[in-house]
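Accompanying notes for the structure given below.
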């Protein structure tokens, strides 16, 4: 049969018009199927993210180890599809969740020894002087907590344990608990923060030695208006009235009072000056009618080059303390001081020296003097090795001639010491 060209063209056009809706329908079905597939994938991803969050909030299940089989520690695999907004995960999601509610924990070991002779204040040949365990954490947006225990060969002691309120009205900062009183500089420092192995004679004779002025107290401090580039801070503390052999309360009203004013300013870009004035008043061991007043002045000069501070620095410090102890027949007035300096030779080595001079609080007519030379080596910021040559001339006419050594090591997240 012969097909005319005109008839063929009409037939072809009609076929195309009829098939076009069918093709469009098929294309629409494919797009719909692709969208459904994308939605299914997104639902699966959200389910995986939700499972990861739930796993982070639940404590890890105890591992079951077959008898006789060695226990192996395996880190949990990172959940698939974990959202980018989660906290960094260290050791698995469960470890990250537990860190949120646990404080920073640190352990500082302090091992000391002595060679030589000192019949007045002898040191043991070898001793684990103390192991300090610290717990520090942000409690909430308005407060933080700090607790430090001392473990020694004599037992366990609470060195400090207090809460600090940082967001009080009028720019006030408050501390409540047991802590080292803000009197001078050395009294506020833990043993591991000292640049020497021992404490100066003035602290031993007038401020209670290693324990120092450390009492259950309430403290309020505030920054004061000052000229530009000058820092002024005033602190007032009320304590129970028990601090070593310095203050002793016989009744509830025998509280101790302490005030401290600190001024800090930059002399140059690399040098600063720190001045402090302290006053303390508490009852002594003779009863509620007898008090002991303490007056203190301290000055510190620091030099730290901006670009080379970890290699070279210099610090000079002096403290002067005056004690007035009232007794039934008289008032014992005693004066004491120390002057020290230290220079960082390089990143590992520091040299220093200290001169001591102090009368005794209960026997003001007796005076002790001494000198120390110190050499410190820093393998890293987590350990120190220190040597100290100490010469002392005591009031009894006896002398001490010793070589002390110390090993310090730090484990965990130990917070920075006050500047």
Pairwise FRET efficiency - residue 387 versus residue 107, Cβ, R0 = 25 Å, nearest 0.05: 0.60
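Determine, from the Cβ-Cβ distance of residue 167 and residue 193 and an R0 of 35 Å, the FRET efficiency 1/(1 + (r/R0)^6), rounded to the nearest 0.05. Show your work: numbers first, answer last.
Details: r = 27 Å, r/R0 = 0.77.
In this case the efficiency is close to 0.85.
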Rg/Rh for the range 312-354, where both radii come from Cα atoms and Rh is the Kirkwood radius: 1.36
Label-point gap, in nm, between residue 35 and residue 211 - each point 7 angstrom along Cα→Cβ: 8.0
Residue 244 paired with residue 407, simple spin-label distance in nm, labels 7 Å along Cα-to-beta-carbon: 2.8
Extension gain, residue 270 back to residue 304 (0.36 nm per residue minus Cα-Cα distance, nm): 11.7 nm
Simple spin-label estimate for residue 290 and residue 330 in nanometres, 7 Å along Cα-Cβ: 1.3
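FYI, it's all coordinate maths here, none of it is from the lab. Keep in mind that what you see is a predicted model, and the values were worked out from it rather than measured. Positions of Cβ are backbone-derived with ideal geometry, glycine not excepted, and every protein chain shown enters the neighbour counts.
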